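The structure that follows is given in the form of structure tokens.
The values are calculated or read from the model by the stated rules, or taken from the named source; none is laboratory data. Please read these numbers as outputs of a predicted model, since none were measured by experiment. Neighbour counts are summed over all protein chains in view; Cβ atoms, including those assigned to glycine, are modelled from backbone coordinates with ideal geometry.
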Amino acid sequence: MQRREPATAEGPFPMVVGDVRVHPLLDGVMPMPLSVLYPDVPEALWRSVSPDLTADGRLDVPFGGFLAVDSSGATVVIDTGGGPTPSPLPDGSSPTRFGELPGALSSLGVGADRVDLVVLTHFHPDHIGWATVDGAPFFPNASYYVHELEWASLDGDHEAREALQPIAPQVRTWSGAQAAPLPWLSLHHAPGHSPGNTVVMVSDVEGGGELAVVGDLFHHPAGMAHPNWRCGFDADADAAAQRRTQWVDRLRAAGTPAVSAHFPGMTPLATF
Ligand SMILES: [Zn+2]
């Protein structure tokens, strides 16, 4: 859950896909009530499939992002955690750890000014926290890739509207089903959790495999075995369930491992 040691070749990190290395960027941990994350799943059922529920019915859910670097040095951050002052959970409780993403990045030898590209999978507060700090982009030289429907959602009464305005000049919206900002990096529209929710695929350009960074399509490995489980944060529950089922089928068929910043230890899941 609280992996912070530098990446090693022996461990699960970095995750290696062709000439791309993908490192977790842990920003913090939130004590999420199961009843909030999966409102329809009774505690007894959860305990029968996963051992990680606390005595008071919570999951210690990590949040943060990932750093992907290719052999030429192209540097991509996928999601930016909760930021220096993360939002409380819906039940009023606060993260037990937070504010660690910049340290995780620098421990990998990468300054925020070195990042070329930031992908924001969606605009929930635990994904955009370090997009800006103190009214300025935290990654001053990066292009920020966002699906156009997610960016357009700011036109409504979106809680992130003000915080994200400073990145507007650096935002590259993409549209339709998918986009490929780099040969090894593709973005896939998976709406339901939010209007522009995105799955990120890191691929070996030589055809040697891929890794799915599933964002909030899935919050926990147990959810991948039960794609019909409703997530309490889905904007459109039916659309989200449909996308989860499609992606589980797709990833299973291809044998593609999946990872989310919310998975325990931010560890990829190879089979599900
Ligand atoms: Zn999230």
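If the requirement is being without any contact (Cβ under 8 Å) to a residue 24 or more places away in the chain and among the charged types (D, E, K, R), which of these qualifies: D249, D204?
Numbers: D204 fails: without any contact (Cβ under 8 Å) to a residue 24 or more places away in the chain.
Only one candidate passes the filter, namely D249.
Which one is surrounded by the fewest Cβ atoms within 10 Å (Cβ to Cβ), of the residues in segment 186-200 that are over 14 Å from the mean Cα position of the chain (by Cα) and of a type in the set (G, A, S)?
S186
Follow-up question, since we're still on this one. Pick out the one residue from G81, G99 that is surrounded by 19 or more Cβ atoms within 10 Å (Cβ to Cβ) and within 19 Å of the chain's Cα centre (by Cα).
Working: G99 fails: surrounded by 19 or more Cβ atoms within 10 Å (Cβ to Cβ).
After applying the criteria, what remains is G81.
Tell me, which residue of segment 111-132 that is surrounded by fewer than 18 Cβ atoms within 10 Å (Cβ to Cβ) and touching a residue at least 40 places away in the same chain (Cβ under 8 Å) is nearest to V214 (Cα to Cα)? Before the answer, list the steps.
Going through segment 111-132, the residues surrounded by fewer than 18 Cβ atoms within 10 Å (Cβ to Cβ) turn out to be 111, 113-114, 116, 125.
Within this subset, residues satisfying the condition of being touching a residue at least 40 places away in the same chain (Cβ under 8 Å) are 116, 125.
Working: D116: 21, P125: 17 Å.
Looking at residues that are surrounded by fewer than 18 Cβ atoms within 10 Å (Cβ to Cβ) and touching a residue at least 40 places away in the same chain (Cβ under 8 Å), I get P125.
Residue under question is R244, and the condition is that it be modelled with pLDDT of 95 or more and more than 16 Å from the chain's Cα centre (by Cα); does it hold?
Against the criterion (modelled with pLDDT of 95 or more and more than 16 Å from the chain's Cα centre (by Cα)), R244 does not qualify.
A follow-up question, please. Here is a list of conditions, (1) within 16 Å of the ligand (Cβ to nearest atom); (2) in a strand (DSSP E or B); (3) in contact with a Lys or Arg (Cβ under 7 Å, 6 or more places away or on another chain), and Y145 meets all of them except one; can you say which number that is?
(1)
Go through segment 37-48 and report how many residues are among the hydrophobic types (A, V, I, L, M, F, W, C) and within 16 Å of the ligand (Cβ to nearest atom).
Pass one, segment 37-48, residues among the hydrophobic types (A, V, I, L, M, F, W, C): 37, 41, 44-46.
Restricting the remaining residues to those that are within 16 Å of the ligand (Cβ to nearest atom) gives 37.
Here the count works out to 1.
For segment 257-272, enumerate the residues that are polar (S, T, N, Q) and buried (at least 18 other Cβ atoms within 10 Å of the Cβ). Talk me through it step by step, then tell me what you get.
From segment 257-272, those polar (S, T, N, Q) are 260, 267, 271; that's our starting set.
Once the filter is applied, which keeps residues that are polar (S, T, N, Q) and buried (at least 18 other Cβ atoms within 10 Å of the Cβ), segment 257-272 yields S260, T267.
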